[in-house]
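Working notes, beginning with the structure itself.
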Amino acid sequence: MILSEKQKEFINNANHRYNIKIGARRSGKTYLDILFTIPNRLLERKNKEGLNVILGVSQGTIERNVLKPLRDKYGENLVSSINSKNIAVLFGQEVYCLGAEKVSQVAKLQGTSIKYCYGDEIAKWNKEVFIIVQSSMDKKYSCFDGALNPESKTHWFKKEFLDTIKAKKLDVYVQHYTIFDNKFLPKIVVENLCKEYQGTVYYNRYILGQWCNAEGIIFKQIADDKDRFITKQVQLNSFISIGIDWGGNKSKHSITATKIDRMYRKVQVLKSSTMEATGTNTKKVFRWIINFIKEIQDKYGTVSFLFADSAEQVLNNSLEGVLKESGINLIVQDSVKTQIKNRIEMFNRLLNLDKLTFIEGQTDTLVEALQTALFDDKSKDDRWVDDGETSDIDSLDSFNYSFEYWFDEISYYLKEVA
C-alpha cells in the first residue's frame, strides 16, 4: 500500500473518539478512508453493540463518494447498494446510510447507540445532525471519522466544534491537507485545478485547505476584464435552454437564453433581458417572453428547454398555455433552485477556465449583473447581496435557471478540460 506522508500520519495518529480530515479537494483525504479507515473501523467493532452509520449530504452523494469507490476497490460481495431500509452491507456489517443536509433525514437516530459513524462532506451538513450523532455515541469504543472541505471562518463546525476542542478537552484528532500534500496527483492536474480556482475564495479553500471568508466582488474576472468574455462567434454543437425569473415588488422579471455545449464543456449566453414587474400585467409579460423566444429561434435555432422559477406555479402553468397558443412547443419546467453558494462556485469556475462567453450587444444586463455582484458579508454561508439595489440578482437567477439542470455534468467535464 503506497501512501503519502499525510496518509501515514493519519493511520498512526487517528485513534481518537473523533478523527477529522480538513482540506483541499483531491488531496487524498477520502482515498485513505476508502482504502483503510472505513473497512478497518467496521471490522474492529464487529459483534459489538451499536449501529454503524455513514452520513453524507444525501444518499446520492454517499453512493458516489463512498460506496462506489469502496465497491470498486473491494467488490460487490463486500459492499452492497443501499436498500429500501437505508441500509448497505459493508464487510458483513449493516450500515445505515442517511442524508445529513436535513434534520428529518436522521431524526430516526435519536435514542439509538452509534458505535461507528463516517461523515462525508461534514461542512455541508445541518448542524443539528452532528449534534444528534454526538449524543448517540455512547459507547467507550464509539468512533467518528469525517472529512470536509473548509468554508467560511464563521461556519458552525469550525466555531462550535473545532474551535472548542482545547477549552472542552475533547478527544479529537484533526489533520489539515493542501492539494500539494497529494504527491500522487499528476502535476498537470494540480496546475489545472489551481487555474480553475485562481483569484477566488475557492483557491484558499479547495487548493490550500483554509477556512476563508468570502468578501467583496464575487466575479472579479469579468469585473476586471469584461472584453475577455465577450464574443460575436456563436458556439457550435450546442443546445439552447432558456431560464425565467419572475419579478415581484422589489425585483424585475428576467429571461436568459443560454447555449450549452453537448459535451458540457462550454456555456454561452445568447441574450438576456429584464422587464419591470411593478405595474406590469401578465399579458404584457407573456408577450415579452414570446417575442424573446421567437427572436432566439429565428437567430439561433430551436429552443430545447425552458425553466422558470418553481416558486410561481400559477405563472408557470399560465405561460405554458400561452406558449401553445402561440405555436411554441415548449414545456415550462420548474427551476432546480440550486443553492446560491453552488451557483457562485460554478459561475467562477466557468469564468476562470474561459468556458463562459457572452454574445456582444445582447447580454449587457447579465454581464453587468455579474460585474457588480457582491458577497453578503452578513451571511454565514456564501451568497450574494440581494437587496434589490446593489446588483441585478434577477438576471443572475434566470441565467442560473437556464443551465443549472446540467451542473453535475458540467462540473465533471470541467475537470477534464481545466
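Remarks
- Checked against (1) surrounded by fewer than 17 Cβ atoms within 10 Å (Cβ to Cβ); (2) touching a helix residue (DSSP H, G or I) at 6+ places or on another chain (Cβ under 8 Å), residue 371 meets all criteria but (1).
- Residue 325 being of a type outside the set (Lys, Arg) and over 30 Å from residue 155 (Cβ atoms): yes
- Every residue from region 129-153 that is touching an Asp or Glu at 6+ places or on another chain (Cβ under 9 Å) and within 17 Å of residue 214 (Cα to Cα): 149, 151, 152
- Residue match in region 385-393 (condition: within 25 Å of residue 204 (Cα to Cα) and in contact (Cβ under 8 Å) with a residue 24 or more places away in the chain): no
- Odd one out for residue 22 among (1) within 22 Å of residue 96 (Cβ to Cβ); (2) outside any helix (DSSP H, G or I): (1)
- Residue 29, sole failed condition from (1) within 23 Å of residue 82 (Cβ to Cβ); (2) modelled with pLDDT of 95 or more; (3) among the charged types (D, E, K, R): (2)
- Helices (runs of 4 or more DSSP H) completely within region 28-94 that count 3 or more residues being more than 19 Å from residue 139 (Cβ to Cβ) and within 28 Å of the chain's Cα centre (by Cα): 29-32, 59-62, 68-74
- Checked against the criterion of being exposed (fewer than 15 other Cβ atoms within 10 Å of the Cβ) and part of a helix (DSSP H, G or I), region 250-269 contains not a single residue that satisfies it.
- Residue 37 farther than 19 Å from residue 178 by Cα and buried (at least 19 other Cβ atoms within 10 Å of the Cβ): yes
- Picking from residues in region 214-241 that are part of a loop (DSSP other than H, G, I, E, B) and in contact with a helix residue (DSSP H, G or I) (Cβ under 7 Å, 6 or more places away or on another chain), the one that is surrounded by the fewest Cβ atoms within 10 Å (Cβ to Cβ) is 234.
- Residue that is outside any loop (DSSP other than H, G, I, E, B) and either loosely packed, with under 14 Cβ neighbours inside 10 Å or of a type in the set (A, V, I, L, M, F, W, C) (or both), where the choices are 166, 158: 166
The values are calculated or read from the model by the stated rules, or taken from the named source; none is laboratory data. Small disclaimer: the values here were computed from a predicted structure and weren't measured. All Cβ positions, glycine included, derive from the backbone under ideal geometry; neighbour counts span all protein chains shown.
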